[in-house]
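Trainee: Quick one: structure below, then a few questions.
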Amino acid sequence: MLTLRGSGTRDDVAVASPDARRPVFLATLDVPFAEDATVFAVDSAVESGQPLVVVNAAEIHPTRWSLLGYGYIEKDDLQSELIKPAELAHSLAVHVERLRVCSPHPVDALLEVVAERRPGLFVFGPDRSRMRRRAYDRAARRVRQRANCLVWTPS
């Protein structure tokens with residue numbers, strides 16, 4: 001049995017209005033999504049009635065071309081993988097927004113977007129087999145420490 005105990009008065013608790021939009025974020029670091037992350041994020045958005053925001057955070061190196069907006073070249077096979085969660089959610093009548101965040105520091109940029117949008121749930125779901133282990137572990141640790149919402153990562 002789970003018991004919740006509070007230590008302050010009820011004035012401490014910020015209560016969101018019932019019509020407040022707290023989207024579900026599904027994010028990756030320029031690799032396809034893990035299947036369990038996609039399923040969890042879409043299911044959460046459907047069950048909660050909230051929109052789904054699908055985010056790809058990509059690293060770009062600061063060059064004069066990137067300053068002009070030509071720093072990221074999207075791979076076709078990656079694009080087809082990144083659109084799958086959006087199509088699935090859209091087929092289930094969930095409002096979907098897709099974002100690409102390009103930065104020399106993609107995890108920091110991703111966390112800035114999370115802070116601005118204030119999601120109710122942040123699903124950090126890059127496919128671990130497509131990333132170096134240390135890079136994934138470092139990114140997941142920073143996301144868990146700095147995100148201002150509930151965070152889910154694949155086990």
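Each reported figure results from applying straightforward, stated rules to the coordinates on display, with no laboratory input. Model, not experiment: these values are computed from the prediction. Cβ coordinates were reconstructed from backbone atoms using ideal geometry, including for glycine residues, and neighbour counts include every protein chain displayed.
Trainee: Would you mind pulling out the separation of the Cα centroids of the range 20-58 and the range 99-149, in Å?
Mentor: Centre-to-centre (Cα) distance: 12 Å.
Trainee: Hey, another quick one. When the chain is fully extended, how far beyond the present Cα-Cα distance does Lys75 get from Arg22, taking 0.36 nm per residue of separation?
Mentor: Stretched out fully, the Lys75 to Arg22 stretch lengthens by 16.0 nm.
Trainee: Work out from phi, with θ = phi - 60° and the Karplus expression 6.51 cos²θ - 1.76 cosθ + 1.60, the ³J(HN,Hα) of each residue of the range 47-63, listed in order in whole Hz, and give x for Gly and Pro.
Mentor: Going residue by residue, I get 5, 8, x, 9, x, 10, 10, 9, 10, 10, 9, 10, 8, 10, 8, x, 10 Hz, with x marking Gly and Pro.
Trainee: Going 7 Å from the Cα of Arg141 in the Cα-to-Cβ direction, what parts of the range 100-126 have a backbone nitrogen less than 16 Å from that spot?
Mentor: Residues 107-108 qualify, since their backbone N sits under 16 Å from the label point.
Trainee: How long is the gain from Arg118 to Leu150 if the chain were fully straight, where each residue apart is worth 0.36 nm and the alpha carbon distance is subtracted?
Mentor: Taking Arg118 through Leu150 to full extension adds about 10.5 nm, to one decimal.
Trainee: Let me ask you something else. Divide the volume of the convex hull of the Cα atoms of the range 20-152 by its number of residues and quote the answer in cubic angstrom per residue.
Mentor: Convex hull volume per residue, Cα atoms: 106 Å³.
Trainee: Just to verify a number: FRET efficiency for His90 and Arg130, C-beta to C-beta distance, R0 = 30 Å, to 0.05?
Mentor: Once rounded, the FRET efficiency stands at 0.80.
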